[in-house]
1. So how far, in whole Å, is the C-alpha centre of the stretch 55-74 from the one of the stretch 92-158?
2. Going by average Cβ neighbours within 10 Å, how do the peptides 233-246, 261-274, 145-158 rank, with the highest at the top?
Ligand SMILES: C[S@@+](CC[C@H](N)C(=O)[O-])C[C@H]1O[C@@H](n2cnc3c(N)ncnc32)[C@H](O)[C@@H]1O
């Protein structure tokens, strides 16, 4: 796999002078610099190994179940946040792809991810303007990358871009915050300045789509929905808090992970659209 760090920053993301650490209103900071700051100043907040292991295992088991064991030609991961802090999905996706590509808008996240995973062909790019040729990727994995825009039209723009680069017959795995979850709904009412002030709201989150609307948006772009479900039924606040408290003393034991993952059984209940923190969709472009 190639090892590359290319800069493909859209002008709007890198055109402001000044230190990345200069205090500024969240809304005024160009996106790349904002995420650089999050990745640089606050990484300790995200270094909760049990929580990360839980999140990663949630995604891995979904991806494992969704397709029969096979090797994809080119897989794209649309942000490298998890890979900047740990294994993330790098090993799993790398083992099932001839080439693993990754982008992130933050140069710092890309550099950190490359440092840990030199096998990823990682580059700095905006998910709304991908550097890949149309129809060139047979798997795209987008875990909560599109949750951070300021305007709903940007989310739609990103969906159009993901569909553009997806190959005929290719698979898209996408998660978004679930607006029907009461915590997500309440969070959506908060003003921008509320984000970044606590471990529970560590960074900006923006508009999202309910499962039915996300399905409609993908179908309108020609994709065929394979499966939709709600994910992460462990109440996030409780889970994060527990993991934070226990983390210093616990190594990531399988038993502890199993306890956290057991909450996914709530996904079979009729209440799943309200308890799941994320909407997760597997869609395909017709061959
Ligand atoms: C909070 S993290 C995403 C969640 C992460 N996948 C997880 O599950 O923990 C947001 C990541 O998306 C990246 N990002 C934000 N906006 C982006 C954009 N427009 N294009 C590409 N990456 C973006 C950020 O740099 C950051 O690494």
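1. If you average the Cα positions of each part, the centres end up 16 Å apart.
2. Working: 233-246: 16.5, 261-274: 14.2, 145-158: 18.1.
Those peptides, ordered most packed to least, come out 145-158, 233-246, 261-274.
The numbers here are math on the coordinates, done by the rules we state, and not lab data. The structure presented is a predicted model; accordingly, all values stated were derived computationally and were not measured. Quick reminder, even Gly has a Cβ in these numbers, built from the backbone with ideal geometry, and neighbours come from all protein chains shown.
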